[in-house]
1. Kindly indicate whether residue B:220 is under 18 Å from residue B:30 (Cα atoms), out of contact with any helix residue (DSSP H, G or I) (no Cβ under 6 Å at 6 or more places or on another chain) and at pLDDT 90 or above.
2. Any idea which of B:161, B:157, B:105 is within 14 Å of another protein chain (Cβ to nearest Cβ) and within 16 Å of ligand 1 (Cβ to nearest atom)?
3. Of (1) within 14 Å of chain A (Cβ to nearest Cβ); (2) more than 16 Å from ligand 2 (Cβ to nearest atom), residue B:185 satisfies all except one. Which?
4. Are any residues in region A:251-289 under 25 Å from the mean Cα position of the chain (by Cα) and either away from chain B (no Cβ under 11 Å) or free of Cβ contacts under 8 Å to residues at least 24 places away in the same chain (or both), and if so, which ones?
5. State the number of residues belonging to region B:23-64 that are in a strand (DSSP E or B), away from ligand 1 (no atom under 12 Å from the Cβ) and under 20 Å from the mean Cα position of the chain (by Cα).
6. So residue B:25 passes all but one of these: (1) within 14 Å of another protein chain (Cβ to nearest Cβ); (2) surrounded by fewer than 17 Cβ atoms within 10 Å (Cβ to Cβ); (3) within 17 Å of residue B:205 (Cβ to Cβ). Which condition number does it fail?
7. Which ones in region B:157-182 are surrounded by fewer than 16 Cβ atoms within 10 Å (Cβ to Cβ) and either under 25 Å from residue B:2 (Cβ atoms) or within 16 Å of ligand 2 (Cβ to nearest atom) (or both)?
Ligand SMILES: Nc1ncnc2c1ncn2[C@@H]1O[C@H](COP(=O)(O)OP(=O)(O)OP(=O)(O)O)[C@@H](O)[C@H]1O
Ligand SMILES: [Mg+2]
């Protein structure tokens, strides 16, 4: 029973009608302030990451032999930053998608026009000459260094592609099969195997570089793409097996049982029913494996020697080593060319990569 | 269609015996329910029948032939899992047609069979949807169609209704029953819901801790439970079990005395179902501790010298209030007598009233 006094109080406070409109306004203002704060925070945090890349792009399209000046960068920033800020403002205030899009397109056009007018005359693609002139570096330095002729960038590109694709293929195949096996089957030493893989992953592979070097030498795999691919695959595999195990763990047993009572063999059940459930995992593993192989430097630096075996990271290193201080533009252009495949892959597969932790989090 | 037989079937997991030597016959075309509490080995039994688990010991026979070594895919069994286990990346039509992929049928024939199965369970309008776009009941129907499309010799249902709401459960119960009769297919239903088991199946197999407690018709499990476990498991609200002492032809539980039709000795348990108790002017007395409305009836909890006793009475005039002192009476012919040491029912004994000892 509620005492009568208390009842009276409830009635009194209930009769003072709250100002709903004011409450709603407060929520709106708070929400907007929060959004602005978040956007500002993200912008400030991402600045140190974006600015160097942006500068690299600017340098690659503007620098000429002899030096780098930053004025184009600042001019471009002076145009782009206000444009971005303006668009953010529009985004905060306007809610109709049509208007937002129109504002975005309009601002982009204005910004591009301004850029063309201010810095358009300074842009050129000379720094990308390396793409079609194989001996560019020698021409600049007038003499060969770094052990003879520079290979064509396409040789390095093909080598990188071969390394990354073969490594991706092996990793995806082995990691999915092993991950499935570890996820589904009880076998003697399973726990030991899992622990071993964790330790193997935590172990800094760099410490093994001398034994690996010697092993490859004895196997006659030193200075071959195949040798490096095998080494990198072995080092990376434990992690991917774990990731795939997580994805397989989240596929319910029943659908496999169901497939087998429906007439499928175990292998058919795996291919027709289980694999499609872990598609996201396969894509994520493939993308990460590819990018890791593409960006690998330490091991390829140690184990690939002849310039016909160079991969893109080595090519970039030797270009930088040879022309640095003379021609920043070429270094920047090679860098852009080098990161472009990873970047494109990342952008196109982003939605799968963000899901990777979801599957991978289950041990 | 097939006649199924299990002989001394056993399944050991590391550290636990899930199925502990069961013997069972299922006649061709009959509908049997495996009923038991969670973890008693129902699903394990089902999966051994399906060929997914291999038995640790014992035999499974289809039409008299041992099939222990026959692979799941060669047994031609339709199974509906508790979670339905639909393939998420396939449409309903592809799900239903999946078993036909392995039978080398012409496409036209396969499509026809899929349409036929879908019509049978009334999902023909939903064939292009994926499982995620279907409601629980619709998923359940698709799973049923997938199990039936290959015209299996045996249909296994693992708690197929447990994810449905009450109304849908009622519909699906009679639906499945109708289909089973119509197709004449041997069916084994796994459930822990006794109403489901007793309303759908011809015979009920009550399981407990990997063993079969009783195999009988639904009515027999209620009227003549073989053991204390079955008596307690079948019937809702559950039976009242009161410890008693038997000496000669007299059975005494607290203030209640009963006369047995033949001499019984030792510690026994007297069971009376709540629906067989009634309020009376005299008899066992107790205080009404709780009143629980159950629709047409009311469940009273009484605290008395026999411990807590439940009785079910019709709603109406003369309802005692909470805290009231009441007396209850019963027809001794409705009581069940169990041997406390073996937990089994003492059969062919009828009880008759004896003097009520005044307290
Ligand atoms: N794959 C397995 N490995 C180990 N133990 C298992 C496995 N499957 C089942 N068990 C154990 O076997 C026993 C019986 O399990 P089962 O799944 O047959 O029970 P159930 O009667 O179907 O129960 P529920 O009604 O909860 O589904 C349980 O103790 C369970 O823990
Ligand atoms: Mg189960």
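1. Numbers: under 18 Å from residue B:30 (Cα atoms): yes; out of contact with any helix residue (DSSP H, G or I) (no Cβ under 6 Å at 6 or more places or on another chain): yes; at pLDDT 90 or above: yes.
Yes, satisfied.
2. Just one listed residue meets the conditions, B:157.
3. (1)
4. Hits for region A:251-289 are A:276, A:279, A:280, A:281, A:282, A:283, A:284, A:285, A:286, A:287, A:288, A:289.
5. Residues that pass the stated criteria total 7.
6. Going through (1) within 14 Å of another protein chain (Cβ to nearest Cβ); (2) surrounded by fewer than 17 Cβ atoms within 10 Å (Cβ to Cβ); (3) within 17 Å of residue B:205 (Cβ to Cβ) one by one, residue B:25 breaks only (1).
7. Within region B:157-182, B:162, B:163, B:174, B:178, B:181, B:182 qualify.
Let's see how each residue does on (1) within 16 Å of ligand 2 (Cβ to nearest atom); (2) surrounded by fewer than 18 Cβ atoms within 10 Å (Cβ to Cβ):
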residue: B:29; (1), (2): no, yes
residue: B:35; (1), (2): yes, no
residue: B:38; (1), (2): yes, yes
residue: B:64; (1), (2): no, yes
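The values are calculated or read from the model by the stated rules, or taken from the named source; none is laboratory data. It should be emphasised that the depicted structure is a prediction, and the values quoted were computed from it without experimental measurement. Glycine also receives a Cβ, built like all others from the backbone with ideal geometry; neighbour counts cover every protein chain displayed.
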